[in-house]
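Novice: This is the structure I want to talk about, given as C-alpha cells.
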Amino acid sequence: MSNNVLRAIKGMNDILPGSVPRKDKLPDSGLWLWFENTVRSVLSRYGYQYLLTPTVEPTALFVRGLGEVTDIVEKEMYSWTDEMNGDRLTLRPEATAGIVRAMVEHNALYNGPLRLWTIGAMFRHERPQKGRYRQFHQLDVEALGFAGPDVDAELILMVRRLWQELGLVVGQHVRLELNSLGQPAERQTHREALIAYFEAHADQLDEDAKRRLHSNPLRILDTKNPAMQALVEAAPTLMDFLGGQSLAHFDAVKAVLDAAGLEYRVNTRLVRGMDYYNLTVFEWVTDQLGSQGTVCGGGRYDGLFEQLGGKPAPAVGFGLGIERLLLLIQELGLPVPDAAPDAYAVIAEPQALPRALLTIEALRAQGLAVQMHAGGGSMKAQFKKADASGARFALVFGGDELAQGMVALKPLRDGGGAQSLRPLADAAAWAQELRNA
Ligand code: ATP
Ligand code: MG
C-alpha cells in the first residue's frame, strides 16, 4: 500500500461484511446484525424502550458521574477543549452517565419508572489488544426508578435469555459472578478497615495502589497487577460490613436466581470500575478470551441521579461489550444463521433486464431476498457469482424463456438439480415455493 494512504486510528476498527477479506480476525458485520436483531427481540419482550444519546458529552459529566479516582477518568478518556468556546468535552467512555444526564434534563421519570436500552460506540484510551480497543461498542440497558431486587434479578435473567438465544451455554461458555457493594455508610466503615489493612502492608503496594490508598482504596481491589493478587485476596471483604437491609436485598436477588436455576458465584472481590455502584453488582465472564474475560457487567447505582443534580432515583443497569461477545461466539464456532439470499438472478442478456426486474421486484414484495447480477458477463461467470452468494436458487432470465413468458428456476444447493420454468406474470404464486425450499 502506498505511503499516502490514510489509515484508521490505532484501536479503532472497521466493521465489515464477511465477503471482505481481512487479516485481523474481527467478527464481520453479519454477526453484528444478527446480534442486534436478537437483542431487539429479547429486550422488547421485557418492555425495554430504545433511546440514543450524544457521543460527546461535557467532561464534567464523567468526572462527577464515574468518580475522579477511576481508571476511566484518570487515564482513559478522550477529552479536549472546544476551540470555539473553550468548553471541556469528552468522547463518552460508557453510556450510563449520559443516559442519566438525559433523564434528569428531560425530567423523564416524572410519569414513573423507565426501562431503556441503547447500542453505540464508546471510547477509552487503553492499550489495544484482542478484546480491548479504543473505540468499542456496548449494548447498554438501564432500568430507572425501580428500587427493589426484583428488577436486579429480572435484568440478570434477561441476559441469560439473550445468551440462550445466541447459543451460549451458561456454566460452559459464560458464568455469572455476583456481589453486593452495600450502601455508602457501610462502604465507609469497610474503607477504614481496608486502609488500615493496606497501610499495614504498605511495602507490597504498587504505585497505583499507593496513590489510591487514601483517595479510593476500594479501587485497589480492582487491580490487574498479578503481584498484588495475594494481598488483595486477603483484604477485609465488604460483605462482612453489610447491614440487614443490604443483605436482605442481596438475598432477594439470589432467591430469584436460585428459583430460576441460574448458577452464580458470589465473588466478594467484585467491585466494578466506576464509583457509582451500590448494592447488587454482577459480571458475566468467560475463560475463553484471555484477560479480556468480562463480556457484560453492571449493577445498581441508586446515587447517580442525585450526584448529577437530579431528584434521587434508584437505578440498575449493565453494559455488554459487543466486540468481546462476538469474538467469543466466533471462537466457539457457534452456529450463526446465514444471511445468504433466497435467490440469485442471472440476467442472460441485457434486453432481459426490464422484465427480469419486474419479476425480481414482485418476489421482493413477497419478502424474498433476491440478489440481482449487475454488470452483465457470461452465463458461466454469473453462475459462479450465484454459487458464491450462497443462494438456494438461481433465476435465469434468458431470451428463450422470456419469449415464452417464463423464467428458469435452478436449485443450487446439495449438488443442484434440474431447472424448471415458472411464469413471469405471477411470481407471487411461486414465491412461497422458494421460501420454503
Ligand atoms: P475491563 O475490566 O475489561 O477493563 P471494564 O470493567 O472497564 O472492563 P465496563 O466499564 O464495565 O468494563 O464496560 C462493560 C463492558 O464493556 C466490559 O465488560 C467489556 O465487555 C466491554 N469493554 C470495556 N472496555 C472495553 C474496551 N476497551 N474494548 C472492548 N470492550 C470493552
Ligand atoms: Mg476497563
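Novice: Straight-line reach from Lys224: which lysines fall under 24 Å, measuring Cα to Cα and dropping same-chain residues less than 8 apart?
Specialist: Cross-link targets: Lys10, Lys75, Lys130, Lys210.
Novice: So, one more: For the residue pair Glu105 and Arg88, what label-to-label distance in nm results when each label sits 7 Å from Cα along the Cα-to-beta-carbon direction?
Specialist: Computed distance between label sites Glu105 and Arg88 equals 1.9 nm.
Novice: Select from Ala408, Ala97, Ala193 the residue whose mean-square fluctuation is largest in a Gaussian network model of the chain (Cα-Cα springs shorter than 10 Å).
Specialist: Highest fluctuation among the options: Ala408.
Novice: When a/c reaches 1.5 or more, the comparison of a/b and b/c decides; with that in mind, is the chain rounded, prolate or oblate per its Cα gyration tensor?
Specialist: It comes out prolate by the Cα gyration axes.
Novice: Let me ask another. Relative contact order for region 343-436 using alpha-carbon pairs under 8 Å, separation at least 6, rounded to a whole percent?
Specialist: Here the relative contact order equals 31 percent.
Novice: I would also like to ask the following. Starting from the 7 Å offset along Cα-to-Cβ, what nm value, one decimal, do you get for the label separation of Glu263 and Gln330?
Specialist: Each label point is offset 7 Å from its Cα along the Cβ direction, giving 2.9 nm.
Novice: Classify region 343-436 from the C-alpha gyration tensor, please: rounded if a/c falls under 1.5, else prolate or oblate depending on whether a/b exceeds b/c.
Specialist: Rounded shape, in that the Cα axes give a/c under 1.5.
Novice: When you count, for each residue, the other Cβ atoms within 10 Å and take the mean per peptide, how do 122-134, 222-234, 339-351 rank with the highest first?
Specialist: The packing order, highest mean first, is 339-351, 122-134, 222-234.
Novice: Would you calculate, for the chain, the mean residue ellipticity at 222 nm contributed by helices, counting each DSSP H stretch of 4 or more residues as -39,500 (n - 2.57) and dividing by all residues, to the nearest 500?
Specialist: Calculated mean residue ellipticity at 222 nm is -10500 deg cm²/dmol.
Novice: Between Gln172 and Gln49, what FRET efficiency comes out of the Förster formula 1/(1 + (r/R0)^6) with R0 = 30 Å and r the beta carbon distance, rounded to 0.05?
Specialist: 0.40
Novice: How much FRET efficiency would the formula 1/(1 + (r/R0)^6) give for Val56 and Gln366, where r is the Cβ-Cβ distance and R0 is 41 Å, rounded to 0.05?
Specialist: Using R0 = 41 Å, I get an efficiency of 0.40.
Novice: What list of ³J(HN,Hα) couplings, whole Hz, do you get for region 172-186 from phi and the Karplus terms 6.51, -1.76, 1.60, once you set θ to phi - 60° and write x for glycine and proline?
Specialist: 9, 9, 9, 10, 9, 10, 9, 7, 10, 9, x, 10, x, 5, 5
Every read-out reported here was derived from the displayed coordinates using simple, explicitly stated rules and does not represent laboratory data. Computed from a predicted model, the values in this text were never measured in an experiment. Counting neighbours? That spans all protein chains shown, and the Cβs are built from the backbone with ideal geometry, glycine included.
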